[in-house]
Amino acid sequence: MKTGAESIRVMHPLFQAEEGGSIPTSALLLTLEEIDFCRARELNKLWHSRLPRIGTGFIKSQPFPCFAATFEGVIYAVAIWSNPIARKLPQQEWLELRRLAIAPDAPRNTASRMLRIMALLLRKSRPEVTRLISYHDTEVHTGCIYKAAGWERTLVGTSFVTWNRPGRWRPKDQSTAAKQRWEKSLT
């Protein structure tokens, strides 16, 4: 048996005879639950369309809030949140959606439903958080999932700046495209 993210469909088969499960036909059938960062990172690497890596420095297991959209024990999507990457943004009052990765067999509208439900869950579990932010890669995405979930389009970052600094090398950038920022107020 395989180990790691590629074995998710083996460990949790799509057709579970013992539980009578099947592939969900609607995102409304999915349940959101918190999962650990390491598991979310594995599945992001497997499913994310553009950014399979997520940097965490030297700490392998971050205390980031992570969610999975599941049906009958099968994970169909994962989300990883953190403090904003931009140092000048509020670090205690804001959370940034760093990754949202959807399995190819997930039902239509999984991403927008997940965004809406996560906002409700984070508002309840983290009352100190007043705003959620996320960015989409303008070369490959339109941002329609954020619009459908009630987020607001804010600014577009057009200039790309490398994260490398003398004496501090970073891995090769996964995308250098302009990013559109989206925001959701929780107040």
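The values are calculated or read from the model by the stated rules, or taken from the named source; none is laboratory data. If you're wondering where the values come from, they're calculated on a predicted model, not measured in any experiment. A quick note on method: Cβ atoms are made from the backbone with ideal geometry, for glycine too, and the neighbour counts reach across all protein chains shown.
Checked against (1) within 16 Å of Glu183 (Cβ to Cβ); (2) among the aliphatic types (A, V, I, L, M); (3) touching a strand residue (DSSP E or B) at 6+ places or on another chain (Cβ under 6 Å), Met114 passes all but a single condition, namely (1).
Every condition in (1) charged (D, E, K, R); (2) under 24 Å from Lys45 (Cβ atoms); (3) in contact (Cβ under 8 Å) with a residue 40 or more places away in the chain; (4) surrounded by 14 or more Cβ atoms within 10 Å (Cβ to Cβ) holds for Arg123 except the one numbered (2). Across segment 138-187, the qualifying residues are those that are surrounded by 14 or more Cβ atoms within 10 Å (Cβ to Cβ) and β-branched (Val, Ile, Thr), and the one among them that is modelled with the highest pLDDT is Ile145. Scanning segment 61-78 turns up no residue that is at pLDDT below 60, more than 27 Å from Ala149 (Cα to Cα), surrounded by 12 or more Cβ atoms within 10 Å (Cβ to Cβ) and not aliphatic (A, V, I, L, M).
Among residues that are within 29 Å of Glu33 (Cβ to Cβ), out of contact with any Gly (no Cβ under 9 Å at 6 or more places or on another chain), at pLDDT 95 or above and not polar (S, T, N, Q), Leu115 is not included.
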